[in-house]
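Peer 1: Take a look at this one; I'll ask things after.
The values are calculated or read from the model by the stated rules, or taken from the named source; none is laboratory data. What you see is a predicted model; the values in this text were computed from it and never measured. Here the Cβ positions follow ideal geometry from the backbone for every residue, glycine too, while neighbour counts run over all protein chains shown. Please note that ligands, DNA and RNA were not included when accessible areas were found on the heavy atoms of the full protein model with its side chains. Shrake-Rupley method; radii C 1.70, N 1.55, O 1.52, S 1.80 Å.
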Amino acid sequence: MAAHVLRLRAALLIGALRGERRLRTIGALVIVAALTVVVCAAVLSLDEAPVAVARTVVVLGGAAILLGFLIGPILVGATDQLDPRRFAVFGVDERRMPWILALAAFVSVPSFAVLAVNVCVCIVAIQLGTPWLVAVLVTFVGVVTTLLAARIGMAINALLLPERRSRELTSLFALAVIVIAFPVAVFLASLRWDGHVPATVASVTGTVGLTPFAAPSGFLFAVALDDTAGAWASGIIAVATAIVSWGAWTWLVRRLLTTTARPFASRERTGLGWFGLLPSNAFGAIAARSLVYWFRDRRYIVNIVVVPVAGVLSVFPLLVAGVPLEIAALVPVPVMALFFGWLPHNDVAYDSTALWTHIASGVRGLPDRLGRLVPVMLVAVPVLAITVPLTLLWIADWRLLFPLTGLAASLLLSGLGISSVVSVIAPYAVSRPGDSPFQQPQRPTSRGAFGPASAFLGAIVLSVPTIWLFVLTIVEGSQYAPATLWAGVATGVGALLVGTAVGGKVFERDGERLMEFVETA
């Protein structure tokens with residue numbers, strides 16, 4: 001059975017080079033091979049680096065690889081060619097299939113790449129002082145754990161997301177990766193090591209080396225550094241992780257072999273986009289509808305595009321006026337956070353006559369208010385997660401990370417809270433669906449500039465304490481940094497909760513007035 005599965009795996013691997021997509025497959029193989037060669041050369045170059053530097057690079061890189069193999073199949077919706085369910089009809093032995101399929105996992109291009117990189121890491125560890133037999137054994141444990149992580153990821157994807165996979169879900173996963181990984185990558189790229197690992201990075205590396213994601217790498221270099229306690233801890237965690245991974249893989253194989261998935265109708269398989277992804281309640285329906293509008297209606301798209309442009313352009317007048325670059329560079333992030341919070345201040349007017357669906361269905365005010373904020377948050381959080389570290393990289397002052405994050409959170413969330421109230425108290429006329437987004441109609445039912453001005457200025461007023469603490473951090477030192485972060489978060493969350501609650505009550509009370517407004521405006 002094992003030989004048959006291995007032959008089948010090899011046939012699938014060779015068969016991918018045939019057919020209409022062979023050029024694409026060959027191109028992907030060339031790219032993977034080139035990346036593998038580059039990574040292996042970079043790892044082998046660490047043999048002359050200080051042990052601490054090599055340890056940092058290998059441990060953090062190893063953790064990233066294992067995490068990528070685990071969540072990668074879930075992220076992209078990868079289909080396992082050797083899905084255990086495909087063998088269920090042959091009456092296979094449930095006890096033998098886990099190790100047979102795990103053995104077949106070694107026959108793949110990603111597995112070859114991982115094996116090559118780990119062999120290079122093993123060579124470097126031996127050259128830096130780790131006994132060769134120990135290095136080989138621990139490297140083998142690390143490779144097995146990584147490949148099992150990929151199999152577990154594909155099994156979880158097959159169990160939990162078989163027919164729910166959609167580009168919307170993939171987009172959410174990608175945004176989560178951007179929000180988490182981009183700031184970390186920018187921070188590490190900004191460091192000037194000069195052969196010495198910064199204390200903060202060394203501390204993080206030591207912690208990561210004791211986690212299941214990088215325990216084998218942590219063990220290899222703990223031995224090279226003569227860190228007996230760290231080596232024992234990392235070694236035990238590495239072995240325990242391999243055992244737990246094997247247990248999880250065995251359980252998942254048996255689960256896949258003995259579970260019959262509920263059949264899906266063709267209509268379900270086509271997917272409902274955001275409506276099929278979000279919860280089946282009022283909040284989910286309104287959030288899904290808002291997402292469809294924000295990403296398809298050019299009136300919303302123009303608003304989204306203008307915000308980053310406005311943030312960047314705000315720097316040039318300050319530079320012309322003589323403001324130092326280190327200060328002027330801090331302006332775009334708060335400006336973008338403020339405008340993102342301000343965007344939904346007239347969201348009801350953009351609904352036009354479609355607002356009747358909310359009122360006629362008796363939707364409560366709070367789900368309506370919260371659902372409308374989902375698209376803005378989905379765009380604002382990744383944009384700010386990218387611009388904050390880039391700003392700090394530009395000015396080379398990472399002590400402002402917490403203060404700038406707190407200020408952005410205060411302006412964004414306060415703006416969203418006030419906009420949730422203003423959009424139902426003082427809506428004003430906008431261009432109708434299909435009209436030019438730059439057209440501003442003049443209609444007697446509008447309330448002029450009261451709505452946008454109050455949403456804009458209100459967010460600034462509520463954020464005054466955070467702005468003051470931010471200025472103190474710049475002028476007097478980083479002792480005010482934690483206070484700025486927590487003050488900004490507390491202010492923003494409080495304003496958001498109060499604003500959505502008040503806006504929800506007004507929406508329920510003044511539904512008829514809002515319906516009359518959208519019919520005439």
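Peer 1: Specify which of the listed residues (359, 327, 395) is in contact with a Gly (Cβ under 9 Å, 6 or more places away or on another chain) and at pLDDT below 85.
Peer 2: 359
Peer 1: Still on this structure: Quick check on the stretch 343-357. Is at least one of its residues farther than 30 Å from residue 403 by Cβ, among the aromatic types (Phe, Trp, Tyr) and either part of a loop (DSSP other than H, G, I, E, B) or open to solvent by 10 Å² or more (accessible area, probe 1.4 Å) (or both)?
Peer 2: yes
Peer 1: Moving on to the next point. Can you pull out the residues in the stretch 388-405 that are of a type in the set (Ser, Thr, Tyr) and open to solvent by less than 30 Å² (accessible area, probe 1.4 Å)?
Peer 2: Hit for the stretch 388-405 is 391, nothing else.
Peer 1: In the list 158, 88, 113, 135, which residue meets the criterion of being buried (at least 16 other Cβ atoms within 10 Å of the Cβ), small (Gly, Ala, Ser), assigned to a helix (DSSP H, G or I) and modelled with pLDDT under 70?
Peer 2: Of 158, 88, 113, 135, the one residue that is buried (at least 16 other Cβ atoms within 10 Å of the Cβ), small (Gly, Ala, Ser), assigned to a helix (DSSP H, G or I) and modelled with pLDDT under 70 is 88.
Peer 1: Tell me, please, whether a residue that is at pLDDT 70 or above and within 16 Å of residue 117 (Cα to Cα) can be found in the stretch 69-78.
Peer 2: Yes, that holds for at least one residue.
Peer 1: Looking for something open to solvent by 60 Å² or more (accessible area, probe 1.4 Å), in a helix (DSSP H, G or I) and either at pLDDT below 70 or touching a Pro at 6+ places or on another chain (Cβ under 7 Å) (or both) - is there at least one such residue anywhere in the stretch 20-40?
Peer 2: yes
Peer 1: Quickly run through the stretch 328-353 and pick out the residues that are of a type in the set (Gly, Ala, Ser) and in contact with a helix residue (DSSP H, G or I) (Cβ under 6 Å, 6 or more places away or on another chain).
Peer 2: Residues satisfying the conditions are 328, 329, 337, 341, 352.
Peer 1: What are the residues in the stretch 468-502 that are within 22 Å of residue 326 (Cβ to Cβ), open to solvent by 60 Å² or more (accessible area, probe 1.4 Å) and of a type in the set (Val, Ile, Thr), if any?
Peer 2: 471, 475
Peer 1: Could you grab me the full set of residues in the stretch 302-321 that are assigned to a helix (DSSP H, G or I), open to solvent by less than 70 Å² (accessible area, probe 1.4 Å) and under 23 Å from residue 376 (Cβ atoms)?
Peer 2: Scanning the stretch 302-321 gives 302, 303, 304, 307, 308, 310, 311.
Peer 1: Restricting the stretch 209-231 to residues that are of a type outside the set (Val, Ile, Thr) and open to solvent by 40 Å² or more (accessible area, probe 1.4 Å), which is nearest to the chain's Cα centre (by Cα)?
Peer 2: So the residue we want is 213.
Peer 1: I'm told residue 464 meets every condition in (1) open to solvent by less than 60 Å² (accessible area, probe 1.4 Å); (2) modelled with pLDDT of 90 or more except one. Can you identify the failing condition by its number?
Peer 2: (1)
Peer 1: If we scan the stretch 426-438, do we find a residue that is in a helix (DSSP H, G or I), surrounded by fewer than 16 Cβ atoms within 10 Å (Cβ to Cβ), modelled with pLDDT under 85 and out of contact with any strand residue (DSSP E or B) (no Cβ under 9 Å at 6 or more places or on another chain)?
Peer 2: No, the stretch 426-438 has no match at all.
Peer 1: For residue 408, which of the numbered conditions (1) of a type outside the set (Lys, Arg); (2) open to solvent by less than 40 Å² (accessible area, probe 1.4 Å); (3) at pLDDT 85 or above; (4) in contact with a Phe, Trp or Tyr (Cβ under 7 Å, 6 or more places away or on another chain) fails to hold?
Peer 2: Against the list (1) of a type outside the set (Lys, Arg); (2) open to solvent by less than 40 Å² (accessible area, probe 1.4 Å); (3) at pLDDT 85 or above; (4) in contact with a Phe, Trp or Tyr (Cβ under 7 Å, 6 or more places away or on another chain), residue 408 comes up short only on (4).
Peer 1: A further question on this structure: May I ask you to list pairs of residues, at least six apart or on different chains, whose Cβ atoms are under 8 Å apart, with the first in the stretch 364-376 being in contact (Cβ under 8 Å) with a residue 40 or more places away in the chain and the second being surrounded by 24 or more Cβ atoms within 10 Å (Cβ to Cβ) and among the aromatic types (Phe, Trp, Tyr)?
Peer 2: Correct list of pairs: 365/507; 368/507; 369/507; 376/340.
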